[in-house]
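The values are calculated or read from the model by the stated rules, or taken from the named source; none is laboratory data. Note that this is a predicted model, so its numbers are computed, not measured. Cβ placement follows ideal geometry from the backbone for every residue including glycine, while neighbour counts extend to all protein chains displayed. The protein model used for the area step is the full one, side chains on, heavy atoms only, and it has no ligands, DNA or RNA in it. Shrake-Rupley method; radii C 1.70, N 1.55, O 1.52, S 1.80 Å.
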Amino acid sequence: MSNLKFALRTLFKTPFVTVVAILSLALGIGANAAIFSMFNQILLRPLPVPEPARLVNVGAPGPKPGSNSCSGAGSCDWVFSYAMFRDLERVQTPFTGLAAHVEFDANVAARGQTESVSGMIVSGSYFPVLGVKPAIGRLLAAGDDPAPGQAHVVVLSYGYWQRRFASDPGVLDQPIIVNGQTMTVVGVAERGFEGTTLGARPAIFAPVTMIGFSQPFKGFDNRRSYFLYLFGRLKPGVSIEQARVALAGPYHNIINDVEAPLQQGMSQQTMTRFKARTLVLEPGHAGQSVVKTEARTPLLLLLCVTAFVLLIACANIANLLLARSAARAGEMAVRLSIGAGRGRLVRQLLGESCLLAVFGGMAGLVVAQWTLNLMLAILPKEATNSVAAQVDMPVVLFAAALTLATGLLFGLFPALHSTRAELVSALKGTAGQPSGARGASRFRTTLATAQIALSMTLLVAAGLFIKSLVNVSRVQLGLKAENVIMFAISPELNGYSTERTRQLFERVEDALAALPGVTGVTSGTVPLLSGSNWGNTVAVEGFEQGPDTDANSRFNLIGPAYFHTLGMTVLAGREFTRADTLGSRKVAIVNEAFARKFNLGRDAVGRHMSNHGRDKPLDVEIVGFVQNAKYSDVKREVPPQFFLPYRQDDRLASINFYVRTAAQPEAMMSSVTRAVAQLDATLPIENMRTLTRQIRDNVFLDRFIGTLSTAFACLATLLAAIGLYGVLAYTVAQRTREIGVRMALGAAPSRVRAMILRQVGAMTIAGGLIGAAGAVALGRFAEALLFDLKGWDPTVLAAAAALLAVVALGAGLVPAVRASQVEPMLALRYE
């Protein structure tokens, strides 16, 4: 306690130095804590279930001919058919149970209101395998999915029960309508459980056998329809590798004896790969989510960046403590000379540095909250479902550990240096003698050089991401996104038949077109630039294809005036009209990439194709040829794509409308909402936004990394400049007598300035070269995140070096000028 009181008095004796140190630490610790919060929530946090370490995700990479439906739970390597799930459920032995799940969109009507929510289709084993308990009622069990269409029961999530039903226990055994099907609420999941897919917060859980709801699903017996994600819970004492070996034999037998004979038109080479498919098992303690795969590299990169910022802050404070220890050299010498133990003095000085770190860590929690708020403001609305802007207990513990580590890191050398035994000799000549040994001077210079190196690395990294973002902004989209509103409606989820859905779509088109200020209305089933991809194997007139020929193309079902409304160029032929209906001649429009892939040249109009694959009649006539335009991703190449009129589709479920306006689109959104509500007040409008916002959200990761890396690089450079200034100012103060002697002997002020600036130049060049090497290594690590750019870019390196040189010159100029203004007689008289 006495040491603590003494440390507080010491810190308050130099309030300016203390405040600067606390702010530097707060920025460094706060930035690290904020990034760790996201890292923990996305990559580390286990599911809130008993013994999550025993959960295992199951995948099956390899050829999957047929229909693949992949969602946010993972890539298509991780999906299974319903029949395969039931087979594995019967034969598996290493698990206490095997469960299946998949996300779905739901229109839920209850108590006079309909809203669009996210749902989860789950097997009866889902909750038992996880060990989740009900808050009220019961959860789904094995008896709730006996056969397709027979289990009309649902479970509500705790959050949805609170928000939608005000935590009313009377909701049990009450009917609600889910996607047109009457279902009975049998229970509510326990508080805190939000499913097993990061980023998806299901409001309801329904049995897997009810996947079609009011539209019966026909894929239960189709082993070529892959859509379910699987996980299991290991039996006590069983390892993942033991489980993989135990499942390998039964899975191999099912693949070779049951599924291989069902494959048609497959080459021998592909059949060999199909038969050789094996199961992949990975730890499932954190659930299943594609977000984890996509976020790992960016978050690791940002953790490295913030660690560099903290190191620069620590170097600054170490220099400040060294300078202060030099001023206290006499005090330490006196205390050592009268018998104080060195260990006690070191403990006291480390206590001062740790106390400083504690203040910095406490302020860092506030900075962390601000940084999290900034990061969530950059992220699109959908991405914020994965993370929360909260400084929770793991973040506090991380900040505490970081605080203790930094306190020891920046305080150890100054404490050891200040308590050297030979300091007793300083009692003989403390007056007029430069305090601080040559070793301390070298250490200060090394710290400043390291700060410059780290700043160079961060400046280059920020420059790479800024240039990558510029490249993204220059991508030619092939469409005009300004003044376009987009939204979706899903009548099928409200129980509409296909014919009623078609009629509603036409009425919506007419109602929107009649609004004042609307200059165009169109629609499409695949939302533009949303990451969605619909594809199918096609056959094209004149194109020869063998068993392994890639004949896949992306497609979209669209409405009339699609290309005109969205500003896409029709190169030949025509657009679709309202006359292209189910009973008329089948027609299609193709893009340039499609024509190039299938050797159509620019004479695609008039050719015929099939959108059902090889060996099918070429019964679709190509009536239009359009210029390439971006489809699902701004940064990906435009894929081969064909368009079909949605009116010729025999099963309509949902569609996205695009409304071009003459005025600002935000001002028209309420009018659009009212126009749809007048046609069906119970039909929710889904995800209304501008097309411009959709494009920004499509490249949010580039903006996210670019913004944060630039902010952290600027902060690091500012801290490095402060550190460099501090070193030079202290050096000038310590060399006052030497400079006075030089000027008394005739040295010109310009020569003195040059002497100080040479020191600046030497540190800047050494640090810049080291930092450039680190930047190249960091750039290679981050290259996958860059667009149309290598991890080593000469322009970015040169720009970063120039900026760093200017900053270093600015930091060194004031001490250099001050040194050149030393009065020789005053300096010598003082000495």
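For this structure, a couple of remarks:
- Distances between placed amide hydrogens fall under 5 Å for Ile136 paired with Val188, all partners being 5 or more residues away or on another chain.
- Extended-chain gain in nm, criterion 0.36 nm per residue less alpha-carbon gap, Ala579 and Gln545: 8.9 nm
- The protection proxy used here, the mean number of other Cβ atoms lying within 10 Å of each residue, ranks peptides 610-616, 256-262 as follows, highest first: 610-616, 256-262.
- Paramagnetic reach from Leu745 (point 7 Å along Cα→Cβ, amide N under 20 Å) across the stretch 751-773: 751-759
- Violating pairs (Cα-Cα greater than 26 angstrom) within the set Lys467/Lys630; Lys64/Lys381; Lys218/Lys292; Lys480/Lys635; Lys64/Lys790; Lys64/Lys133: Lys64/Lys381; Lys218/Lys292; Lys64/Lys790; Lys64/Lys133
- Positive-end residue of Pro63, Ala142, Leu43, charge dipole of the chain with Cβ unit charges: Leu43
- Coupling constants for the stretch 549-563 follow from the phi torsions by the Karplus curve (6.51 cos²θ - 1.76 cosθ + 1.60, θ = phi - 60°), and in residue order they are 5, 6, 10, 8, 9, 6, 8, 8, 9, 10, x, x, 6, 4, 6 Hz; glycine and proline get x.
- Sites Ser267 and Met362 - FRET efficiency at Förster radius 60 Å, r taken between beta-carbons, to 0.05: 0.35
- Each residue, Asp168 and Val91, gets one label point 7 Å from its Cα in the Cβ direction; the gap between the two is 4.9 nm.
- Charge dipole of the stretch 89-147 (Cα centre as origin; +1 on each Lys and Arg Cβ, -1 on each Asp and Glu Cβ, all else neutral): 260 debye, rounded to the nearest 20.
- Cβ-defined net charge surrounding Pro665, 13 Å radius [Lys, Arg +1; Asp, Glu -1]: +2
- Prolate/oblate/rounded label for the stretch 646-705 (Cα gyration tensor, a/c 1.5): oblate
- Full extension of the chain between Arg596 and Ala572 gives 7.1 nm of extra length, using 0.36 nm per residue less the Cα-Cα distance.
- Sites listed here are trypsin sites (Lys or Arg not before Pro) in the stretch 206-248 whose DSSP assignment is loop and whose Cβ has at most 11 other Cβ atoms within 10 Å: Lys218.
- For Arg474 and Ile685, a Förster radius of 41 Å and the Cβ-Cβ distance give a FRET efficiency of 0.80, rounded to the nearest 0.05.
- Residue-by-residue Karplus 3J(HN,Hα) for the stretch 27-39, coefficients 6.51, -1.76, 1.60, Hz, glycine and proline x: 5, x, 5, x, 4, 5, 5, 5, 5, 5, 4, 5, 4
- Spin-label model, Lys235/Lys218: points 7 Å from Cα along the beta carbon direction are separated by 4.1 nm.
- Applying a 4.7 Å Cβ-Cβ cutoff to the chain leaves Cys304, Cys314, Cys354, Cys714 as cysteine residues with no disulfide-compatible partner.
- Relative packing of 737-749, 112-124, which averages over residues the other C-beta atoms within 10 Å, highest first: 112-124, 737-749
- Trypsin sites (Lys or Arg not before Pro) restricted to DSSP loop in the stretch 73-160 with at most 10 other C-beta within 10 Å: Arg111
- Inter-probe distance in nm under a simple model that places probes 7 Å from Cα toward Cβ, at Arg507 and Asp105: 2.0
- Unit charges on C-beta of K, R, D, E only; dipole of the stretch 121-228, Debye: 240
- Set of aspartates and glutamates near Lys13 by C-alpha distance (under 19 Å), chain-local residues within fewer than 8 positions excluded: Glu331, Glu352
- Using Cβ point charges alone (K and R +1, D and E -1), the dipole size of the chain about the Cα centre works out to roughly 3620 debye.
- Couplings 3J(HN,Hα) for the stretch 185-193, derived from phi with the Karplus relation 6.51 cos²θ - 1.76 cosθ + 1.60 (θ = phi - 60°), are 6, 10, x, 10, 5, 5, 4, x, 8 Hz, where x marks Gly and Pro.
- Taking every DSSP beta bridge that has both ends in the chain, the antiparallel portion is near 75%.
- Ellipsoid equivalent to the stretch 672-831 - semi-axes via the Cα gyration tensor, in Å: 56, 20, 10
- Percent carbon-and-sulfur accessible area, the stretch 667-731, ignoring ligands, DNA and RNA, probe 1.4 Å: 63
- Förster radius 56 Å - calculated FRET efficiency between Cys714 and Thr498, Cβ distance, rounded to 0.05: 0.50
- Range of Cα positions in the chain per principal axis (Å), largest first: 106, 62, 57
- The protection proxy used here, the mean number of other Cβ atoms lying within 10 Å of each residue, ranks peptides 505-516, 648-659 as follows, highest first: 648-659, 505-516.
- GluC sites (Glu not before Pro) within the stretch 559-638: DSSP coil, no more than 15 neighbouring Cβ in 10 Å: Glu637
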